[in-house]
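Enquirer: I'd like to ask some things about the structure below.
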Amino acid sequence: NSDIVSGQYSNGSWRSYSTAVEEGWALGGILGRKLKTRDEERQLKTTRLPSGRIDRRLISELGFGNDKVFAQTLIKTVKPSMIHISLDASGSMGGDKWEAALKTATALARACSMIENLRCVIDVRGQANGGRGANRALVWVVYDSKKDSSVVLRTKFKGLMAGGATPEGLCFDAIMKEIVSESKGSDTYFINISDGEPTWSGYYGDTAERHTRRQVDNMRA
């Protein structure tokens, strides 16, 4: 088990988190409908050009000395994109902050599910307690629109709790490898939702801050 599942140190309640997820689901539907225009294939036809494909509607003008009877059609398609959202599941995120994080993540994920060629991946990061993975930094992918139904958002997300430490840079290293392997050929956006400085067992202060800064710079690069 892990703190992010059990909510052992959570400052919030299951009921408030459930409400946050439902509110995010509703907002995501509104956002998704507004973004549907992203799916639309756009065509721009330019006529009366000196070269290109003959525009049959202008052929009759050849008899009047007009040799610009060509047209070109430009088709604009949408490049596949991916949004990767990472949620800080440390203890200080419990309560109102975790409600806001769940609401935001749910809204974005549902909106993405309504749009073609827009993939959404969400992970939570913190520390694992108990079992073979005890006291280790943890990154858990809780939703991937490529593999999961959007219904997962309304079920699994309500059971996510915040508790533990903040191993930012350590988790970013693993997240970056995941993003690089999964986002080939796509425009990729990384969204980090966090409230605290990097800290974990033996990982804190200037050392943790410098390491996290390097990971962020590597992501940008």
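The values are calculated or read from the model by the stated rules, or taken from the named source; none is laboratory data. Not measured: the values here are computed from a predicted model. Here the Cβ positions follow ideal geometry from the backbone for every residue, glycine too, while neighbour counts run over all protein chains shown. Side chains included, ligands, DNA and RNA excluded: accessible areas come from the protein's heavy atoms. Shrake-Rupley method; radii C 1.70, N 1.55, O 1.52, S 1.80 Å.
Enquirer: Can you tell me the FRET efficiency between MET176 and LEU35 if r is taken as the Cβ-Cβ distance and R0 is 30 Å, rounded to the nearest 0.05?
Expert: 0.65
Enquirer: Continuing with this model, one more query. With all protein chains present and a 1.4 Å probe, how do ARG213, ARG110 order by accessible area, largest first? Before the final figure, lay out each step's value.
Expert: On the way: ARG213 145, ARG110 55 Å².
Highest to lowest solvent-accessible surface, that is ARG213, ARG110.
Enquirer: Multiply the residue gap between PHE70 and GLU197 by 0.36 nm, knock off their C-alpha separation, and tell me the result in nm, one decimal place.
Expert: The span from PHE70 to GLU197 would gain 39.5 nm if fully extended.
Enquirer: Simple spin-label model, 7 Å along Cα-to-Cβ: LYS156 to ARG214 in nm?
Expert: Those two pseudo-labels are separated by 3.2 nm.
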